[in-house]
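This report refers to the structure that appears directly beneath it.
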Amino acid sequence: MKTILMVCTVAAGLISAAAGNVAANDVKATQLADKYNCQVCHALDKKLVGPAYKDIAKKYAADKSAAEKLEHKVKNGGSGVWGVIPMPPNNVSDADIKTMVEWVLSLN
């Protein structure tokens, strides 16, 4: 009985730590999006100039190479996938782009 209780306690601790890490990643990614003015064109759940973050996550949910594709688009710009208005290239570090893209893809 003590073993089961201990296993449950450890499992609960791991789940809690993972949830805390997800929340920390959300905060960091949204801070980066603010820092780089992504919110001028993108919102969490509605289209502005560009698509909503949740729409991006949904579109790329089954694409195993989505992170790589989106990191490239954020860095170099892109057009034609979401309409006629192009996304300009962005002067953002690769690490920050990776953090933001991982967050966006997690929204699905």
Q. Among 91-97, 46-52, what's the highest-first ranking by average C-beta atoms within 10 angstrom per residue?
A. 46-52, 91-97
Q) Rank SER65, SER79 by accessible area, highest first, at a 1.4 Å probe radius? A) SER79, SER65
Q | Accessible area, probe 1.4 Å, largest first, for residues LYS35, LYS73, LYS64 | A | LYS64, LYS35, LYS73
**Q.** Charge tally in the Cβ shell below 11 Å around LYS98, where Lys, Arg are +1 and Asp, Glu are -1, LYS98 excluded
**A.** -4
Q | Amide N of the range 27-41 lying under 14 Å from the label point, which is placed 7 angstrom from the Cα of VAL49 along Cα→Cβ | A | 36-41
Q: With a ≥ b ≥ c taken as the square roots of the eigenvalues of the C-alpha gyration tensor of the range 35-108, please select rounded if a/c is under 1.5 and otherwise prolate if a/b is larger than b/c or oblate if it is not?
A: rounded
Q. What nm distance separates the two modelled labels at ASN76 and LYS64, each placed 7 Å from Cα along Cα→Cβ?
A. 2.2 nm
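The values are calculated or read from the model by the stated rules, or taken from the named source; none is laboratory data. Please read these numbers as outputs of a predicted model, since none were measured by experiment. Here Cβ is always computed from backbone atoms with ideal geometry, including for glycine, and neighbour counts include all displayed protein chains. These accessible areas exclude ligands, DNA and RNA; they are computed on the full protein's heavy atoms, side chains included. Shrake-Rupley method; radii C 1.70, N 1.55, O 1.52, S 1.80 Å.
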